[in-house]
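Only one structure is covered here, and it is reproduced in the block below.
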Amino acid sequence: MKPKLVIRADASGRMGTGHIMRCIALAQAWQDMGGEVSLLARELPAALADRVAREGIVLIAPRLDHSDVDDTCTAAAEADWVVIDGYQFDTVFADRVSSSAKHTLFVDDLGQLDHYAASLVLNQNITADSSTYANQATHTQLLLGGRYALLRREFRCTATRRDAATPIERVLVTLGGSDPDNVTTKVIDALLLLPHIHAKVIVGAANPRREELARHCLQAGGRIELLPPVENMVPLMDEAQLAISAGGTSVLELASRGLPTLLIAIADNQLAICETMRDRGVMTYAGWHTDVSPAALALALDEFTSEAAIPQRAQFIERGLELVDGQGAIRVAREMLALTAQRLVRVRAATMNDARRVLDWANDPVTRSVSFNQTLISWADHEPWFARRLADASCLLLIGEDLQGNAIGMVRFDVANRIATISINIAPEHRQRGLGTALILVACREAVASGAATQIRALIKPDNTASQRAFQRAGFTVADDEDVAGQRALCMVLN
């Protein structure tokens, strides 16, 4: 049975588009891990509604005779998880939904609630601080910072390595979905003063000034190209050498591509983000939009593109990639599914008392058929091997149990250079119960919490499709093939 996710978010006001887009990113990750997604939204522009539909997300229409919280609670009752994302949702709303849902994720940029009762609270911004959420329930867990940035599927690919010393000619401008204060015109005016710059300017779907901006760009004689809304920004970001951006969710996208960026704050909630990005040496900051003239912006751009700024640009490239690696949506979905899986399985450290059952599981005909070495294992070989693994600090050997305490399988992590290789075996009598993915999720969560590894990989025989599906639903992605004892192995990776 597919896990069900309900998202409650709107796209109203000056900053609503970013909320929907990051929810789409989480929805994509949830779908990639085998789940189904619905979105309850009361104010969704046609362009965003179309995008939601293309992503295979079911749009739930509100009922006019019900309150917002009643509609959300009704949807929550049938879901495994509910996500709430929006500045309009207060403590009363969040508490009502949390009490109705199995699990709730509250996406919170500002520390806006009096207290937090959700299973997970997410703040993906560089400004995230645990002290903001001090008044939380004992079961509430925090996901903070760029490691959990909700970026869409296309941002998961490895970023192009940049040479900061290459002379800057190509600039990308992205100032949000609506740009209500028309900061784009000010940026174009600045670019007109820099004849060596060629720019591509993204105009959001909610920007009403497209024709006016197009006429303005004609003054550049082709140097400034106005582009319509773009679904996949990655090729544009990878082609560009520098970006000019508002301080919204796009800063995390730009950081994930290692693109040196000059920020302009165009909304109150962007000020702290822009200032922190500057203070931590991730991006440069021109200032609040009304305080920056075209001439001042042109001067800042000229300095930023100069040869003297090469060390600064190199620093921005590296620190951006360190802050955001594009895998955040998968991590968040994995945390959610792991908490769901804990309703089915748990793990404990193995002991020598488990040695015989682990051998019996390993010698099961199905297990041997999908192993790289299919020879039966003797007790004389297995017993000392098992003892060595228990004593080895680079090995984490876990036994999975159901909630009744029955042993259902074994998971082993062999760690070298902070990379863990996972092996899993489900007891024959517990197969076909959907426990494989659940055990992988819970065991990997345990391994990550131990701090021993920054990456987990699985080596799987190419014809073992069941194992591949189980690891995919646990958030693993396919990497390069490897050789194991002269045999081709499919390598799947969890970052």
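The values are calculated or read from the model by the stated rules, or taken from the named source; none is laboratory data. Since this is a predicted model, take the numbers as computed values, not measurements. When we count neighbours, we look across all protein chains shown, and the Cβ atoms used for this are built from the backbone with ideal geometry, even at glycine.
Per-structure values
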{"quantity": "Among (1) crowded, with 18+ Cβ neighbours inside 10 Å; (2) assigned by TED's automatic domain parsing to the domain that holds R319; (3) within 26 Å of F316 (Cα to Cα); (4) not charged (D, E, K, R), the one test that L143 misses", "calculated": "(2)"}
{"quantity": "Leading residue by the ranking (nearest to V173 (Cα to Cα)) among those in region 188-243 that are among the polar types (S, T, N, Q) and not in a helix (DSSP H, G or I)", "calculated": "Q241"}
{"quantity": "Of residues in region 110-125 being assigned to a loop (DSSP other than H, G, I, E, B) and in contact (Cβ under 8 Å) with a residue 60 or more places away in the chain, the one nearest to A338 (Cα to Cα)", "calculated": "S119"}
{"quantity": "Failed condition for R388, given (1) touching a residue at least 12 places away in the same chain (Cβ under 8 Å); (2) assigned to a helix (DSSP H, G or I); (3) surrounded by fewer than 17 Cβ atoms within 10 Å (Cβ to Cβ)", "calculated": "(1)"}
{"quantity": "Filter pass, R313 being of a type in the set (K, R), assigned to a helix (DSSP H, G or I) and within 19 Å of the chain's Cα centre (by Cα)", "calculated": "no"}
{"quantity": "Of all residues making up region 410-433, the number that are out of contact with any helix residue (DSSP H, G or I) (no Cβ under 9 Å at 6 or more places or on another chain) and either of a type in the set (S, T, Y) or in contact (Cβ under 8 Å) with a residue 60 or more places away in the chain (or both)", "calculated": "2"}
{"quantity": "First in region 467-495 and farther than 20 Å from M336 by Cβ, second anywhere and acidic (D, E) and part of a strand (DSSP E or B), Cβ under 9 Å, 6 or more apart", "calculated": "R488/E482; A489/E482; A489/D483; L490/E482; C491/E482"}
{"quantity": "Scan of region 399-412 for residues that are surrounded by 23 or more Cβ atoms within 10 Å (Cβ to Cβ) and either among the charged types (D, E, K, R) or under 29 Å from the mean Cα position of the chain (by Cα) (or both), ordered by number", "calculated": "G400, M410, V411"}
{"quantity": "Sole residue being part of a loop (DSSP other than H, G, I, E, B), modelled with pLDDT of 95 or more and surrounded by 15 or more Cβ atoms within 10 Å (Cβ to Cβ), chosen from L259, L359", "calculated": "L259"}
{"quantity": "Selection within region 272-320 - without any contact (Cβ under 8 Å) to a residue 40 or more places away in the chain, surrounded by 20 or more Cβ atoms within 10 Å (Cβ to Cβ) and of a type in the set (F, W, Y)", "calculated": "Y285"}
{"quantity": "Wholly within region 444-495, strands (runs of 3 or more DSSP E) carrying at least 2 residues that are at negative phi and touching a Lys or Arg at 6+ places or on another chain (Cβ under 7 Å)", "calculated": "487-494"}
{"quantity": "Any hit, region 75-87, residues being out of contact with any strand residue (DSSP E or B) (no Cβ under 7 Å at 6 or more places or on another chain) and either in a helix (DSSP H, G or I) or crowded, with 17+ Cβ neighbours inside 10 Å (or both)", "calculated": "no"}
{"quantity": "Checklist (1) touching a Phe, Trp or Tyr at 6+ places or on another chain (Cβ under 6 Å); (2) outside any loop (DSSP other than H, G, I, E, B); (3) touching a residue at least 40 places away in the same chain (Cβ under 8 Å) applied to G326, failing item", "calculated": "(2)"}
{"quantity": "Odd one out for D179, checked against (1) at positive phi; (2) surrounded by fewer than 23 Cβ atoms within 10 Å (Cβ to Cβ)", "calculated": "(2)"}
